Amino acid sequence: MKYAFPLAAVIALVLIALIAVQIPGMQYLFGVVIPYLAMALFLGGFCYRVIHWAQSPVPFKIPTTCGQGYSLPWIKHDKLEAPVNTAQVVARMFLEIVLFRSLWRNTKASVYAGPKLTYESSKWLWLFAIMFHYSFLVIVVRHMRLFLDPVPWLVSFVETGDSLLQIGAPTMYTTDVTIVLALLFLFGRRLMNPQVRYISLVNDYFPLFLILGIVITGILMRFFLRTNVDINAIKQLAVGLVTFSPTIVTEISSLFYVHLFLVCTLLAYFPFSKLMHMGGVFLSPTRNLANDSRMRRHVNPWNPDIKPHSYASYEDEFREDMIEQGIPVEKELPPKAND
Ligand code: HEM
């Protein structure tokens, strides 16, 4: 029941916003004050964590071993798996970020009669993870039409592409369907797969429910309770927020405030959660370090500056004491002047 608490938390957040905005004056708190606080926490927290990671010393190179490293000219070098220069590292990073390449190698361990343990390729997680992240990205890009006036061509282009199926009125966005499917799969996987269920924590379920809450309230606003939603007033507020002159001119549907409050919670929660993998992937040593440990000397930045002390100089320093204690020496003491 590790998912009951985060589910209850998201329901509580919905109810808080839904009830609070009925009180006069509270619209300003939920429409202006909380969004600014959440954004400040998001930006401040995000920068703090990335700077902290960037300052952490990297004591040694971590060459990943899934590809042929650079060696003799006649042995084919795997440039993506064992990059040796910045361009090759950038190529590996780029494919990791846009295609989730390492997740493509995801395997599933199963025990069969015998007992026999097998590792089989499992691409479902990769597929739904790609679906989720790209749907989210497209939805965020489309939302820019609320904040920008005039709307940039890229936003209109993405919106046209997303509503290409021309189903329903207002037209259904493909990403609304794919993000719901992906979220349900990602939640289902944590429920159904015993190993994943065992390691899943409240922090794994909470963001899933929170994002599902944001998506459901968004879909309700656009497709089901549209008559209550005054898009012009919302756009005026959104443009006001980004130009630091926010105004709430008319009554806006409480559903919008619920949507916005859940988004604010996500922004405020983001820097303290696993969602920071968005920034962390760029600082991941197994992705961003070149596999050049045989070509270049990598000095551990933690190493203290040790002065070499050879045996000869050690003996020079302690020869007298060593002789006095009967310890054999390589070089005798020079004869004294009166000898
Ligand atoms: C994490 C960020 C957000 C996500 C994932 C999200 C998600 C969604 C989704 C899935 C919809 C359904 C329709 C569509 O896909 O466009 C929607 C609609 C909507 N969202 Fe968001 N939203 C986010 C942030 C915001 C913010 C910050 C605002 C306002 C300041 C906002 C205002 C709206 C409005 C007004 C609609 C209805 C649009 C319409 O009727 O065409 N959303 N949202």
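The values are calculated or read from the model by the stated rules, or taken from the named source; none is laboratory data. This structure is a prediction, so every number in the text was calculated from the model and none was measured. Glycine gets a Cβ as well: all are built from the backbone with ideal geometry, and neighbour counts include every protein chain shown. What goes into the accessible areas is simple: the full protein's heavy atoms, side chains included, and nothing from ligands, DNA or RNA. Shrake-Rupley method; radii C 1.70, N 1.55, O 1.52, S 1.80 Å.
Can you tell me the length gained on complete extension of the stretch Leu43 to Phe94, counting 0.36 nm per residue apart and subtracting the Cα distance? Don't skip to the end; give the middle numbers.
Details: separation 51, 0.36 × 51 = 18.36 nm, distance 2.38 nm.
Between Leu43 and Phe94, full extension yields an extra 16.0 nm.
List the lysines whose Cα lies under 16 Å from the Cα of Lys235, skipping any in the same chain that are fewer than 8 positions away.
Those lysines meeting the cut-off do not exist here.
May I ask which residue of Val249, Pro63, Gly168 lies farthest towards the positive end of the charge dipole of the chain, with charges of +1 (Lys, Arg) and -1 (Asp, Glu) on Cβ and the Cα centre as origin?
It is Gly168, whose Cα lies furthest towards the positive end.
With each run of n ≥ 4 DSSP H residues scored as -39500 (n - 2.57), what mean residue ellipticity at 222 nm is computed for the chain after dividing by its residue count and rounding to the nearest 500 deg cm²/dmol?
So the helix-based figure for the chain works out to -17000 deg cm²/dmol.
Calculate, for region 222-339, the solvent-accessible area per residue in square angstrom, rolling a 1.4 angstrom probe over the heavy atoms of the protein chains.
Working: 8160 Å² over 118 residues.
On a per-residue basis, 69 Å².
Could you tell me how far the Cα centroid of region 89-150 sits from the Cα centroid of region 242-275, in Å?
27 Å
About the Cα centre of region 56-163, how large is the charge dipole given +1 on each Lys and Arg Cβ and -1 on each Asp and Glu Cβ? Please answer in debye to the nearest 20.
I would put it at about 400 debye.
At a 1.4 Å probe radius, carbon and sulfur cover how many percent of the accessible area of the chain?
So the carbon and sulfur contribution to the accessible surface is 68 percent.
Excluding same-chain residues fewer than 8 positions from Lys108, which lysines have a Cα within less than 24 Å of its Cα?
Hits, sequence-local ones excluded: Lys2, Lys116, Lys123, Lys274.
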